[in-house]
Protein chains: 2
Amino acid sequence: MTITIKDIANRAGLSAASVSRILTNRGRFSEKTAQHVRQLADEMGYYKNQSAADLSQKESRVIGVLVPITHTNFADEIIKGMQGKATELGYELLIAFIASDNQQQLKTIKSLLSRQLLAVVMLAIEIKDNTFKVLENADILLLSVSNQLNNVMPSISSDNYSMMFTIVDYLYQKGHRQIALIGASDQHSTVANLRRQGFIDALLKHKINYNPDFIYGDENAYQTGLNAIQKFGKPLPFTAVIGSADIISIGLLNGAKDAGIKVPDDLSIITIDGTELTELTRPILTAAQQNFAKMGELAITTLAGQKLSPDTVVFTNITLKQGGTVAQLD
Amino acid sequence: MTITIKDIANRAGLSAASVSRILTNRGRFSEKTAQHVRQLADEMGYYKNQSAADLSQKESRVIGVLVPITHTNFADEIIKGMQGKATELGYELLIAFIASDNQQQLKTIKSLLSRQLLAVVMLAIEIKDNTFKVLENADILLLSVSNQLNNVMPSISSDNYSMMFTIVDYLYQKGHRQIALIGASDQHSTVANLRRQGFIDALLKHKINYNPDFIYGDENAYQTGLNAIQKFGKPLPFTAVIGSADIISIGLLNGAKDAGIKVPDDLSIITIDGTELTELTRPILTAAQQNFAKMGELAITTLAGQKLSPDTVVFTNITLKQGGTVAQLD
DNA sequence: GTTTTTTGAGTAAACGTTTACGCAATAGTT
DNA sequence: AACTATTGCGTAAACGTTTACTCAAAAAAC
């Protein structure tokens with residue numbers, strides 16, 4: 001038998017309403033009785049029935065978080081950032097892992113929407129049309145983190161376009177003139193589109209004539225990196241390569257190692273993301289590091305502000321983290 | 001304004017009770033009206049208010065899952081396993097990331113307990129005494145997954161004792177007689193204790209005299225592996241080393257590489273866990289692979305069975321996954 | 001000392017769903 | 001045709017909390 005507010009009220013000789021006011025710290029009550037009640041609640045092992053509370057309250061402080069179940073190692077960092085700010089501002093996170101299977105996906109979303117939510121935050125999810133419809137119809141605040149989705153849904157991410165200038169500038173300054181971009185070919189991904197465009201424009205800026213063959217691979221996977229090296233063969237037609245995610249870059253690195261290509265002597269690699277994974281390779285990967293924790297924090301503060309429209313875009317900065325995979329040429 | 005069961009009832013010319021019966025598929029109703037109601041619900045964009053449902057139901061089908069926020073790469077696999085079985089059996093997972101900070105930890109637990117839960121599942125969490133007290137007092141089903149906690153709480157894990165026999169047998173058969181164990185020194189961890197004991201007994205079985213110095217390092221971290229190599233120096237006094245977690249083993253591997261020790265020629269490494277991380281190294285790590293997905297599935301089925309006592313222990317099998325880090329001696 | 005303001009706490013309704021119970025209408029049995 | 005069994009659905013209470021409204025008592029103001 002669970003303890004309710006009424007049990008406490010009885011013991012304290014009060015009404016349930018008074019106990020509620022005290023425990024939620026709202027309305028009027030005397031500090032003296034409050035102390036007594038709080039102590040009783042503690043003693044009796046009382047836990048608020050959140051369902052009942054939710055039901056009687058109009059406004060929700062629960063934020064749903066959709067995380068892809070296919071393991072992305074930066075999701076944790078975003079969540080960590082969110083969690084800190086959330087507890088600070090009195091929000092609660094409801095985390096749901098979402099599968100790629102369409103059937104299960106809808107089930108997850110439905111069960112999320114069954115809870116009264118303030119908003120749904122999607123971490124790096126390329127959302128499918130039918131799933132999106134469901135979310136849109138549910139008229140709930142939506143926010144995409146790490147995945148830039150211009151004009152579809154407000155998002156918090158790095159500036160994927162200008163990020164490529166930072167990267168290309170760096171490689172250029174290190175003497176590289178033949179540069180490939182691996183893992184950003186997906187035409188349906190806004191992020192990939194922005195990265196390709198930024199890449200091309202950045203090359204143009206440096207008067208490097210751009211070779212479309214050097215943009216290869218669309219899947220965010222280890223295998224993409226391995227495949228890329230195999231495809232271009234030895235000797236490679238470029239001196240530097242940009243991996244569009246850490247896991248891709250590790251594929252590039254291992255692919256190179258397997259093919260007898262020395263990194264960074266024969267091939268320079270720079271990776272986008274810069275999660276802790278990049279510390280585990282030899283050499284350590286040089287990275288355009290995204291500030292995932294910051295994205296998480298901003299997600300919460302943005303939602304707290306609530307002035308969101310589909311074209312709201314908040315950018316976080318990237319940092320060039322030196323590793324050992326980029327060589328200075330000549 | 002959100003759609004409730006009443007709105008549907010009005011439109012259908014029914015009572016709320018009938019709609020509820022239809023949508024929950026309980027009690028009596030005619031298939032004809034049911035179809036109509038289901039269609040209306042769909043059209044009107046109805047989502048059950050789970051809070052209200054929870055409130056009026058005695059039995060909960062929600063299982064809380066406590067996941068350490070410090071990123072363990074097998075947690076995802078366990079969750080994946082749990083999620084599959086959970087949706088299959090009609091349970092719902094409520095995932096909460098738990099920090100190491102004591103204050104936040106209690107906050108997380110409290111908010112978990114505020115939801116009406118069937119059980120709390122803890123993934124690889126070394127629980128602190130005061131946190132455990134809170135959970136224990138809340139009298140809720142508890143289950144520990146991947147962390148074997150004999151007699152404290154029912155648990156699902158590999159058999160950490162006999163696992164060491166499998167590993168040592170394998171290394172012995174490959175000709176190794178000097179073997180170290182890294183990352184299992186923590187005296188307060190049941191798992192570590194079992195692994196040490198198993199390790200020692202397995203050596204004894206092969207009449208290898210056991211050197212206590214060869215058991216080193218207590219933290220489940222990359223740095224532990226690096227440190228171990230540094231501590232023992234070159235040449236290493238052992239020919240094989242067991243890393244008590246993938247991340248430790250990667251530390252060992254990189255530490256060896258940094259020290260100019262060749263793997264597997266100068267040092268054989270076998271890792272415990274065998275997550276996808278082990279595929280990313282060169283050479284690929286040989287692993288005693290735990291079946292995390294299976295643990296997740298068993299967690300749900302065990303809870304569904306509900307015949308749990310603190311000394312319930314369910315074991316999953318381990319698999320020896322050949323990589324390239326163990327050499328055949330002589 | 002009277003009037004006004006403030007304070008502490010109770011009453012009751014509300015949130016949206018589920019479910020035990022009851023009843024009329026229909027179907028089934030003889 | 002008379003009875004029994006079944007079916008479909010409505011009524012109303014219940015779940016535990018919050019909160020607008022009230023009101024008496026206490027405190028403050030005059």
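The values are calculated or read from the model by the stated rules, or taken from the named source; none is laboratory data. Predicted model only: the values in this text are computed from it and were never measured. All Cβ positions, glycine included, derive from the backbone under ideal geometry; neighbour counts span all protein chains shown. We work out accessible area using only protein heavy atoms, side chains counted, and drop any ligands, DNA or RNA first. Shrake-Rupley method; radii C 1.70, N 1.55, O 1.52, S 1.80 Å.
Just checking the listed ones, A:GLU31, A:GLU77, A:GLU297: in the Gaussian network model of chain A with Cα springs under 10 Å, the one fluctuating most is A:GLU31.
For the range A:203-330, the relative contact order works out to 22 percent when only alpha carbon pairs closer than 8 Å and six or more residues apart are counted. Ligands, DNA and RNA left out, the accessible area of the protein assembly as shown computed with a 1.4 Å probe is 49% carbon and sulfur. With its label point defined 7 Å out from Cα along the Cα-to-Cβ axis, A:ALA221 lies at 3.5 nm from the matching points of the other copies, in increasing order. For B:VAL241, the residues whose modelled amide H falls within less than 5 Å of its own, excluding neighbours fewer than 5 places apart on the same chain, are B:ALA180, B:SER268, B:ILE269, B:ILE270. For A:GLY305, inter-copy separations between label points set 7 Å beyond Cα along the Cβ vector come to 5.3 nm, shortest first.
Under a 5 Å amide H cut-off, with hydrogens placed 1.01 Å from N, B:ALA119 pairs with B:GLY64 among residues at least 5 apart or on other chains.
With +1 on each Lys and Arg Cβ and -1 on each Asp and Glu Cβ, and nothing else charged, work out how big the dipole of the protein assembly as shown is about its Cα centre, in Debye to the nearest 20. Mind dumping the intermediate values first?
On the way: 62 positive and 64 negative charges, 289 e Å.
Using Cβ point charges on Lys, Arg, Asp and Glu, the protein assembly as shown gives about 1380 debye.
If you take every residue apart from B:LEU149 with its C-beta less than 12 Å away from the C-beta of B:LEU149, what net charge results, scoring Lys and Arg +1 and Asp and Glu -1?
On the way: positive: none; negative: B:GLU126, B:ASP311.
Once positives and negatives cancel, what remains is -2.
Backbone N atoms of the range B:55-72 closer than 18 Å to the 7 Å Cα→Cβ label point of A:SER56 belong to residues B:55-57. For the residue pairs A:LYS48/B:LYS85; A:LYS85/B:LYS85; A:LYS110/B:LYS32; A:LYS294/B:LYS48; A:LYS32/B:LYS58; A:LYS257/A:LYS294, alpha carbon separations beyond 27 Å are given by A:LYS48/B:LYS85; A:LYS85/B:LYS85; A:LYS294/B:LYS48; A:LYS32/B:LYS58; A:LYS257/A:LYS294. In the assembly of identical copies, A:GLU43 has its label point, taken 7 Å from Cα in the direction of the beta carbon, separated from the corresponding points by 5.8 nm (ascending, one decimal).
To the nearest 20 debye, what is the magnitude of the charge dipole of chain B about its Cα centre, counting +1 on the Cβ of each Lys and Arg and -1 on the Cβ of each Asp and Glu?
In total the dipole reaches around 800 debye.
Electrostatic tally near B:VAL263: other residues with Cβ closer than 11 Å to its Cβ, Lys and Arg +1, Asp and Glu -1, net +1.
Dipole orientation for chain B: of the candidates B:ILE200, B:ILE156, B:ILE95, B:ILE95 has the Cα lying most toward the positive pole (charges on Cβ; Lys, Arg +1; Asp, Glu -1).
Each of A:TYR216, B:TYR47, B:TYR216 was placed along the dipole of the protein assembly as shown (beta-carbon charges, centred on the mean Cα), and the one lying farthest toward the positive end is B:TYR47.
Of B:ASN193, B:ASN150, B:ASN25, the residue with the greatest mean-square motion in the GNM of chain B, using alpha carbon springs below 10 Å, is B:ASN25. Shape class of the range A:5-56 from the alpha-carbon gyration tensor: oblate, with a/c at 1.5 or above and b/c at least as large as a/b.
Once C-alpha pairs closer than 8 Å and six or more residues apart are averaged by separation and normalised to the residue number of chain B, the relative contact order reads 17 percent. Could you state how much accessible area is buried at the A-B interface, both sides summed, with a 1.4 Å probe, in Å² to the nearest 100? The contact between B and A buries close to 4300 Å².
Of the options A:ILE242, A:HIS176, A:GLY13, report the single residue whose Cα projects farthest towards the positive end of the charge dipole of the protein assembly as shown (beta-carbon charges: Lys, Arg +1; Asp, Glu -1). Most positive-ward Cα: A:GLY13. In terms of its C-alpha gyration tensor, the range B:160-289 comes out rounded, because the ratio a/c of the largest to the smallest axis stays below 1.5. Note on B:TYR161: accessible area is roughly 80 Å² with a 1.4 Å probe, heavy atoms of protein only.
Protein heavy-atom accessible surface, 1.4 Å probe, per residue over the protein assembly as shown: 45 Å². Residue-wise HN-Hα couplings along the range A:175-189, as the Karplus relation 6.51 cos²θ - 1.76 cosθ + 1.60 with θ = phi - 60° gives them from phi, are x, 7, 10, 10, 10, 10, 10, 10, x, 10, 8, 4, 6, 9, 9 Hz; Gly and Pro carry x. Seen through its C-alpha gyration tensor, with square-root eigenvalues sorted a ≥ b ≥ c, the protein assembly as shown comes out oblate because a/c lies at 1.5 or above while a/b is not bigger than b/c. Among residues other than A:GLN289 with Cβ under 9 Å from its Cβ, the summed charge is 0 (Lys and Arg +1, Asp and Glu -1). Couplings for the range A:320-330, taken from phi via the Karplus curve 6.51 cos²θ - 1.76 cosθ + 1.60 with θ = phi - 60°, read 7, 9, 6, x, x, 10, 10, 9, 7, 7, 6 Hz in order; Gly and Pro are left as x. Given +1 at the Cβ of Lys and Arg, -1 at the Cβ of Asp and Glu and no other charges, the dipole of the range B:5-56 around its Cα centre is 200 debye to the nearest 20. Proximity of backbone amide H atoms, modeled 1.01 Å from N, is registered between A:ILE284 and A:GLY324 at under 5 Å, excluding neighbours fewer than 5 places apart on the same chain. Per residue, chain B reaches -13500 deg cm²/dmol at 222 nm when only DSSP H runs of four or more residues are counted, each adding -39500 (n - 2.57). Summary value for the range A:1-141: 23 percent relative contact order, contacts being C-alpha pairs under 8 angstrom separated by 6+ residues.
With a 10 Å cut-off between alpha carbons and a GNM built on chain B, which of B:ILE78, B:ILE300, B:ILE261 moves the most? Greatest mean-square fluctuation among the candidates belongs to B:ILE261.
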